[in-house]
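First comes the structure, then the notes that go with it.
The values are calculated or read from the model by the stated rules, or taken from the named source; none is laboratory data. The shown structure was predicted, so the numbers you read here are calculated from the model rather than taken from an experiment. We place every Cβ from the backbone using ideal geometry, glycine too, and count neighbours over all the protein chains shown. In case anyone asks, the SASA skips ligands and DNA or RNA and just uses the protein heavy atoms, side chains included. Shrake-Rupley method; radii C 1.70, N 1.55, O 1.52, S 1.80 Å.
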Amino acid sequence: QVQLVESGGGLVQPGGSLRLSCAVSGSGFSSATMAWYRQAPGNQREFVATIVSGGSTNYGDSVKGRFTLSRDNTKNTVYLQMNSLKPDDTGVYYCNAVIRSGIAKSYWGQGTQVTVSS
């Protein structure tokens, strides 16, 4: 029974920062590949960042150099530090976990709204 809960979204001015959290309950976090996606109104879901169990990360081109993804296995939580935010970063941010227990299964959180506006 894996559940993901995002938090930390809100309203921020351009150039500001936010830190999103994704807390994972249930088994399998230590071996899970975690990721963040976002979706702006009228747009398709966009890949933001991913981190594997060993800590290696990958970022979408639009956020590379500004966002940092990390994980704390003692807290079963991943963090997305977002700096130098732009209006185009606005959207609902979703946390995703892929857990491979025989067959890979994908889990999603409920999403957290990020709005970058003056």
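Along the range 69-79 the Karplus relation, 6.51 cos²θ - 1.76 cosθ + 1.60 evaluated at θ = phi - 60°, assigns HN-Hα couplings of 10, 9, 9, 10, 5, 6, 10, 6, 9, 10, 10 Hz to successive residues, with x for each Gly and Pro. Within the shell defined by Cβ-Cβ distances under 14 Å, the residues around PRO87 carry a net charge of +1, with Lys and Arg each +1 and Asp and Glu each -1.
Dipole magnitude for the chain: about 180 debye, using +1 per Lys or Arg Cβ and -1 per Asp or Glu Cβ, origin at the Cα centre.
Computed from phi, the 3J(HN,Hα) profile of the range 3-20 under the Karplus parametrisation 6.51, -1.76, 1.60 (θ = phi - 60°) reads 10, 10, 10, 8, 7, x, x, x, 9, 9, 7, x, x, x, 9, 9, 10, 8 Hz, with x in place of Gly and Pro. Per residue, the accessible area of the chain comes to 53 Å² when a 1.4 Å probe rolls over the protein heavy atoms. Magnitude of the charge dipole for the range 61-102, about its Cα centre and with charges confined to Cβ atoms of Lys, Arg (+1) and Asp, Glu (-1), is about 160 debye.
For the chain, with all protein chains present and a 1.4 Å probe, just round the carbon and sulfur fraction of the accessible area to a whole percent. Numbers along the way, then the final one.
Numbers: 2870 of 6260 Å².
Percent of accessible area from carbon and sulfur atoms in the chain: 46.
So which trypsin sites (Lys or Arg not before Pro) in the range 1-94 end up in coil per DSSP with only 14 or fewer other C-beta atoms within 10 Å? Don't skip to the end; give the middle numbers.
On the way: sites: ARG19, ARG38, ARG45, LYS64, ARG66, ARG71, LYS75; in loops: ARG45, LYS64, ARG66, LYS75.
For trypsin sites (Lys or Arg not before Pro) across the range 1-94 that sit outside H, G, I, E and B with at most 14 neighbouring Cβ atoms in 10 Å, the list reads ARG45, LYS64, LYS75.
Under 19 Å of direct C-alpha separation, and excluding same-chain neighbours fewer than eight residues apart, LYS75 reaches these aspartates and glutamates: GLU6. Residue-wise HN-Hα couplings along the range 108-117, as the Karplus relation 6.51 cos²θ - 1.76 cosθ + 1.60 with θ = phi - 60° gives them from phi, are 10, x, 7, x, 9, 7, 10, 10, 10, 7 Hz; Gly and Pro carry x.
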